[in-house]
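Bear in mind these aren't lab numbers, they're just calculated from the coordinates by the rules spelled out. No experiment lies behind these values; they were computed from the predicted model shown. All Cβ positions, even for glycine, are placed from backbone atoms using ideal geometry, and neighbour counts span all protein chains on display.
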Amino acid sequence: MSTYDTTAAPPPVPPAPSYGPEQEVGDAWSIWDRIGVALAWIAGIGLCLIAAAILIYMLIRGIQFLKPEMLVSHPLPGLGQEGTGGFLDPIIGTFALTLLGTLIATPIGVAIAVWLSEYGRPPWLARAVESGVEIVAGTPTIVLAIFGLLVFSQGIFSFLSFTAAGGAVFGRSFYIAGIMMSLIALPLIIGSTREALQAIPSHVREASYALGKDKASTIRRVLIPGARSGIATGATLGMGRIAGDTAIVIILLGATLTNQGVGSVPIFSFLKGTGSTLTTYVYNNSPAGEGGAPDKAYAAAFVLLVIVVLLNFGVDLIARKGTKWENQ
């Protein structure tokens, strides 16, 4: 027979602290908690002020110097760019390079994210791939550019860039710059896609399996459509990174003043040639460059900033729509 009294009452639970109508929870904070919260407020407000200052300054300077003819006229050759042409070629180069890099990075990034999230076997290979993604994300773009120049200046890749009369391969073209630009967009696409896939409830997968679908069909017909907002967000963030890079453009695209195609096929000759983007145009015409046209540098920087801001708004819109679809 048990010696414990099962009818005994449980020990009393200490009451929760109560606060009167004039006393709030914040009154119980220590001085260090208050300092931490104050520093957090200062950091957040400071960041907003810095972002607002950049936008307002570039808005004022851009509107001051931007002229409509700059958007539709080609740069003209010359030692200085003050008063010669516009920056239509850099605008075209920016959109072409951004689109090409995103088209290369998106399917590869989605495939890697799906494999890591849904398979991840063998484990050692999955860990190696994750480490590789982190290494690529942390590698400076100038290092990627030098590596790309070393690889694509080999004769085997001559079909991707223009060559000299003696057969020397320069390793510079929209193709090559787009391939290396895709590397800086890959980590963003992989991260956003994995997060979206992991947010899909497990019962969705189980329901698909219960209907007789195999894993591949479930991924193709259920998971990837369910993660479309994350894929779109990663791709848009990658586009912003590509549009704002300079090192890869200077080394692998040539940073020529105008877009110079190679060959006679319209689109392929353009992609095989050299060119510039708004980032290199801004650099060349800034006080640190050789163009000697700071007014045009401000105008081009304003156009580039507008493109990046629109991309950021696109990310926010995609995220909001993704949240709405998930709640339905």
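Overview of results
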read-out: Every residue from region 204-245 that is over 23 Å from the mean Cα position of the chain (by Cα) and among the hydroxyl-bearing types (Ser, Thr, Tyr); value: Ser208, Tyr209, Ser217, Thr218
read-out: Residue that is over 23 Å from Ile91 (Cα atoms) and over 20 Å from the mean Cα position of the chain (by Cα), where the choices are Pro201, Pro287, Pro266; value: Pro201
read-out: Phe162 vs. criteria in contact with a Ser or Thr (Cβ under 6 Å, 6 or more places away or on another chain), surrounded by fewer than 21 Cβ atoms within 10 Å (Cβ to Cβ), among the hydrophobic types (A, V, I, L, M, F, W, C) and under 17 Å from Gln260 (Cβ atoms); value: no
